[in-house]
Amino acid sequence: MDAEESGINSRRRLLPLLLDLEGKLIVIFGGGRVGERKARLFSDYGEVMVVSQEFTPGLMEMKDDLKLVHSNLSHGFEKYLEGAFIVVPATGIFELNSAIEFEARARGLLVNKVDGIGDVVVPSLIRKDPITIAISTESPGLTKYLRLRLEKELTENFQQMALLLSQIRQDLKETVPMQRDRARMIWRILEDEEVWRLLDVSYEKAYMRARSHVCHDERDSLDAGDPPQGLHRRD
């Protein structure tokens, strides 16, 4: 279930994780609107197979990006669980969904339910590369409100800052052995309002300003290369 559709029961202790689904198979049972929505979500991250007797026009348009399998799910669905990492029962038939879930759990597979809380709950996501924020609350309305509000607050400056810090961290790892020293330098950059202001003007100028917070020995080693490019140049 998606976080904006259902509140998360606080009595269950769910650990937020970021999963690398590349090369992992997500099997979705049901080719209706719910199955289509799940396919659109998971196909951005892993390999998706949708098993159903019928498919929405939207799923048919996605046939080059995922695998569609025509099958009567009233019997023999078990064979489609082979090799699955996540299973999504979305047939619209409660009894069939329950049977698929039971068999998937018996095989040690993760289940993403559409009518309750399964092993995998997909939070509401904000993706502005290289930043990803996941939101989940007990109230679908609050989850949506937080997502919309954070999307407004998360301006391009944050993306630029993430790229800038990533570059400086990589450079510092080669010259500053102690993690706490690197963290202190990074924090000084984050607290420098002038760096944030310069990100609106020029990524390169912001980068040079950020380097002023690196101690002299490390700054000399960074001077060997040109400042990296941000999302785009704005001189």
Where a residue in region 128-148 is touching a residue at least 60 places away in the same chain (Cβ under 8 Å) and its partner, wherever it lies, is among the acidic types (Asp, Glu) and not in a helix (DSSP H, G or I), with Cβ under 8 Å and at least six apart: 140/4; 140/5; 143/4; 144/4; 147/4
Residue pairs meeting the criteria (Cβ under 6 Å; at least 6 apart or on separate chains; first closer than 17 Å to residue 119 by Cα, in region 23-50; second part of a helix (DSSP H, G or I)): 26/42; 27/80; 28/35; 28/38; 28/39; 29/100
Condition met for residue 104 (out of contact with any strand residue (DSSP E or B) (no Cβ under 7 Å at 6 or more places or on another chain), free of Cβ contacts under 8 Å to residues at least 24 places away in the same chain and either surrounded by 14 or more Cβ atoms within 10 Å (Cβ to Cβ) or among the hydrophobic types (A, V, I, L, M, F, W, C) (or both)): no
Qualifying positions in region 130-145 - within 16 Å of the chain's Cα centre (by Cα), assigned to a loop (DSSP other than H, G, I, E, B) and not hydroxyl-bearing (Ser, Thr, Tyr): 130
Condition met for residue 179 (surrounded by fewer than 19 Cβ atoms within 10 Å (Cβ to Cβ) and of a type in the set (S, T, N, Q)): yes
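Laboratory data are not the source of any read-out in this text; all were calculated from the coordinates shown. Every value quoted in this text rests on a predicted model; they were computed, and no experiment measured them. Note that we place each Cβ from the backbone using ideal geometry, even for glycine, and neighbour counts take in every protein chain shown.
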